[in-house]
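Rule-based calculations on the coordinates, nothing more; no lab input. Treat the numbers as computed from the prediction; the structure is a model and nothing was measured. Ideal geometry is used to build each Cβ from the backbone, glycine not excepted, and the neighbour counts take in all protein chains shown.
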């Protein structure tokens, strides 16, 4: 079942709500208001909305300047432009300066679809994960996005939000109560743990159901915050199941697979398999086609889980 609202609609609605309650909340766009869903913000709160044009690095500099005067800026553009194109400005003007700028990268990984390889970022979280004190968050569905916005606004940290723009597969209901940096166990299991983020969470849940029909009990854990990562949840899950699979719509190099592996190798090494992008650039295509081509489908998770279980001593 898909969400009723697009993620970008929820993002904009919460921004309007926060901005009307706090004069310091401002929004910056690099001429992508329609794509990122913030046209209503520009209409309802125009005095707090700034379109800097197609000049993403400058947008980050402007956001940093605003933050030095106490503003809490949300700056958005497509994921590769929010990260690759602006890396030095983010590292120096934002993170090194300890400013709470919120950077939103939209259409991550295969979700860029027909925009193709130039707009298809498989390395954005890896780039941002490498910056000191940067919080890296990927919401799972509209419910999580809505409940995360206030935490993001007031965490006092530079923060990168990896945002799927359209309707996500619904995973959580309104009872969701979560914290940035704390993983969520969606399903218990004893044979293998499936760590997943973003669009891969729903696929991991479906994979666990297929695995159950083959007699394999899979724990499903949503790691929505890649940094700071929930080490305790990773270690306890690995101890409980003895094998893990990491599922990400991102390069396995320096992505979630690397982040989980860093925790495991230092604390509790177990057999681990990775379902993610492996040394590939993006290309034009729809989500289903690209997911199959790049090996990040539900079926790929099932295969990886069976392999991980077979490697257990």
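Its Cα gyration tensor gives the stretch 119-161 an equivalent ellipsoid, and the semi-axes of that ellipsoid, as √(5λ) in whole Å with the largest first, are 19, 16, 6. Across the stretch 7-163, Cα pairs under 8 Å and at least six residues apart give a relative contact order of 24 percent.
Where in the stretch 116-150 does the amide nitrogen come within less than 13 Å of the point 7 Å from the Cα of residue 87, taken along Cα to Cβ? It comes to 122-131, nothing else.
Against the main long axis of the alpha-carbon atoms of the chain, helix 7-21 sits at an angle near 50°. With N the number of residues in the stretch 1-159, Rg(Cα) / (2.2 N^0.38 Å) evaluates to 0.95. Relative contact order for the chain using alpha-carbon pairs under 8 Å, separation at least 6, rounded to a whole percent? After rounding, I find 17 percent. Looking at the stretch 184-310, I'd like the Rg to Rh ratio, where Rg is from alpha-carbon atoms and Rh is Kirkwood's inverse mean 1/r. Rounded to two decimals, Rg/Rh equals 0.94. Computed from Cα positions, the angle between helix 298-310 and the longest principal axis of the chain comes to roughly 50 degrees. Averaging the sequence gap over all C-alpha pairs within less than 8 Å and six or more residues apart, then dividing by the number of residues, gives the stretch 184-310 a relative contact order of 29 percent.
Per residue, how big is the convex hull of the stretch 176-230 when only Cα atoms are used? Give it in Å³. Normalising the Cα hull of the stretch 176-230 by residue number yields 71 Å³.
In whole percents, the pair-distance distribution calculated for the stretch 144-239 from its alpha-carbon pairs, binned every 5 Å from zero, is 2, 12, 22, 23, 20, 12, 6, 2, 1, 0. In the chain, helices alone account for a calculated mean residue ellipticity at 222 nm of -11000 deg cm²/dmol, with every DSSP H run of four or more residues adding -39,500 (n - 2.57). Across the chain, counting alpha-carbon atoms alone, Rg and Dmax equal 18.8, 62 Å. The simple Förster model, with R0 at 35 Å and r as the Cβ-Cβ distance, assigns residue 266 and residue 217 a FRET efficiency of 0.85.
Our estimate of slack between residue 98 and residue 23, defined as 0.36 nm per intervening residue step minus the Cα-Cα distance, is 24.9 nm. How far, in degrees from 0 to 90, does helix 56-68 lean away from the longest principal axis of the Cα atoms of the chain, to the nearest 10? For helix 56-68, the angle is close to 70 degrees. For the stretch 66-116, what is the Kirkwood hydrodynamic radius in Å, using each pair of distinct C-alpha atoms? One over the average 1/r among Cα pairs gives 11.8 Å for the stretch 66-116.
Label-to-label distance for residue 235 and residue 174 is 3.8 nm, based on points extended 7 Å past Cα in the beta-carbon direction.
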